[in-house]
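Working notes for the structure below.
Only the coordinates and a few stated rules stand behind these numbers; no lab work does. Remember, predicted model here, so these are calculated numbers, not experimental data. Note: ideal-geometry Cβ built from the backbone for every residue, glycine included; neighbour counts use all protein chains shown.
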Amino acid sequence: MGEDDATIDALFEQRSALSPQASRWKLRNNLAAVVLGRPAHATRDRQWQRYLASRVTRKVLDALSIDIRKTQDRCAFVFATSYGHLIDDAGDDTMSTWARDCVRNVGCDLEPIVVGSGCSSGADALGVAAVMLDGGAIDTAIVVAVDIVTAAKRIAHSTLGTMTGDHLKPFDIGRSGMLLGEASAAVALVRSEGCTKHRGELIGMGASNDAFGLTSPDPSGLSVRLALERALLAAGLSYGDLALYLAHGTGTQLNDDLEAKVVEEVFADNEELAIVGTKGALGHSLGACGVVEFILLLQMLERQRAPATVGLTDPIGSVAARFPGPEGRRLSGPYGVSVTLGFGGFNTALIARA
């Protein structure tokens, strides 16, 4: 899709990054969304993971004119991935060595924090950084999320049956599963007071774990509600204050049913709430999706407009009216929430203000 505003522009234009990707293995589907421009030297997955992480880290430092050599005593790097390259190309890597190499590549010798909580890794990394800022341990947090499409991940989701044999259709009654994507994203978090150069605020975070199953969410939805209620409590808001719900929306039967049920219940008195799912265009970038979707949430709130959900043609009836049409929809206010529902029962909600 491109970098920065190019991705949100593509969503409003209803374009998809999913394309055929060759595989030596027989898969349910050969579609995936991959980052273009892989350099010739990044022939191995571990090199690609490091390249993407270093690129976005340098970019956010440069964009905000952060001299890491002067600020590292009060700075933290928080990284997120599901398994990154480790299933296919671990070598002597651990969950932290790729992140440590990235920090060294930008001229810093800090030890990074690496969060691995499945598909909620990126959102949880933002939460960890926010807690450190709120507690006064640091003044600046650089949150970096990277996950890549690898052969093992494609085989695993194909075998599990979570990969669709068709197109990814978030919240569609004809949905049949997800498709993988890869992404790299970085966010700089600082305290709001005294900050003059920002594109939005993270004002509330809530998390829960239902421990229901390895891959299946708790069908009651209570743990998702708990994450939302904790985030709202932290933000000092109510369900009626939110204008936008950026959904996890994987396109699987269980996840989308659960999210639709929760939205129908908790936002019953908020008729203005709009729902957007982005994975129909971007694929599911696993541990990176929480940061990617938080950035997209900020951009939508900044524009005060929500795009249509790519891949959705016949939405689940209980929430059908909440999805913007092809022309998009004007938002009713400055607050929105991004929700991630990870394997293992990790549920995270991030509330933002434009």
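Once Rg and the Kirkwood radius are both taken over the C-alpha atoms of the stretch 1-106, their ratio Rg/Rh works out to 1.01.
Between Ala42 and Asp139, the contour length at 0.36 nm per residue exceeds the alpha carbon distance by 31.5 nm.
Could you tell me the calculated FRET efficiency between Leu64 and Leu214, based on Cβ-Cβ distance and R0 = 41 angstrom, to the nearest 0.05? So, using R0 = 41 Å, E works out to roughly 0.55.
Across the stretch 165-170, rounded Karplus estimates of 3J(HN,Hα) from the backbone phi angles (6.51 cos²θ - 1.76 cosθ + 1.60, θ = phi - 60°) give x, 10, 9, 6, 10, x Hz, Gly and Pro being marked x. Among Thr162, Gly177, Ala63, whose Cα sits farthest toward the positive end of the charge dipole of the chain (+1 at Cβ of Lys/Arg, -1 at Cβ of Asp/Glu, about the Cα centre)? Comparing the listed Cα positions along the dipole, Ala63 ranks first. With the simple model of a label 7 Å out from the Cα in the direction of the Cβ, Ala90 to Glu3 spans 3.3 nm. Note on the chain: helix-only mean residue ellipticity at 222 nm, from DSSP H runs of 4+ residues weighted -39500 (n - 2.57) and normalised by residue number, equals -9500 deg cm²/dmol.
Extending 7 Å from Cα along the Cβ direction at Ala151 and again at Ile173 yields two label points whose distance is 4.2 nm. For the stretch 206-254 and the stretch 67-99, what is the separation of their C-alpha centers, rounded to whole Å? After rounding, the separation between the Cα centres reads 27 Å. Averaging over all projection directions, the Cα-based convex hull of the chain occupies 16.3 nm² in the image plane. Report, in debye and to the nearest 20, how large the dipole of the stretch 194-320 comes out about its Cα centre when Lys and Arg carry +1 and Asp and Glu carry -1 on their Cβ. Roughly 560 debye for the stretch 194-320. Using every pair of separate Cα atoms, the Kirkwood estimate puts the hydrodynamic radius of the stretch 199-353 at 15.2 angstrom. Putting +1 on Lys and Arg Cβ atoms and -1 on Asp and Glu Cβ atoms, find which of Gly287, Leu341, Gly249 reaches farthest to the positive end of the dipole of the stretch 241-344. So the residue we want is Gly287. In this Cβ point-charge picture (+1 for Lys and Arg, -1 for Asp and Glu), the chain has a dipole of about 860 debye about its Cα centre.
Show me the three semi-axes of the equivalent ellipsoid for the stretch 106-246, from the C-alpha gyration tensor (sqrt of 5 times each eigenvalue), largest first, rounded to whole Å.
30, 22, 15
Taking label positions 7 Å along the Cα-Cβ direction at both Gln21 and Arg330, the computed distance is 4.0 nm, reported to one decimal.
A cut-off of 5 Å between modelled amide H atoms, ignoring neighbours fewer than 5 places along the same chain, links Asp218 with Phe212.
Projecting the Cα atoms of Ala40, Val78, Leu126 onto the charge dipole of the stretch 36-182, computed from C-beta unit charges around the Cα centre, puts Ala40 farthest toward the positive end.
Rounded to the nearest whole Hz, the Karplus-based 3J(HN,Hα) values (6.51 cos²θ - 1.76 cosθ + 1.60, θ = phi - 60°) of the stretch 321-336 follow the sequence 6, 8, 8, x, x, x, 7, x, 8, 5, 8, 8, x, x, 10, x, with x at glycine and proline. What base-10 log of the normalised intensity I(q)/I(0) is obtained for the stretch 200-291 from the Debye formula, alpha carbons as equal point scatterers, at q = 0.21 Å⁻¹? Results for the stretch 200-291 at q = 0.21 Å⁻¹ read -1.29.
Once backbone amide H atoms are built at 1.01 Å from N, Ser285 has Gly181 as its partners under 5 Å, excluding neighbours fewer than 5 places away on the same chain.
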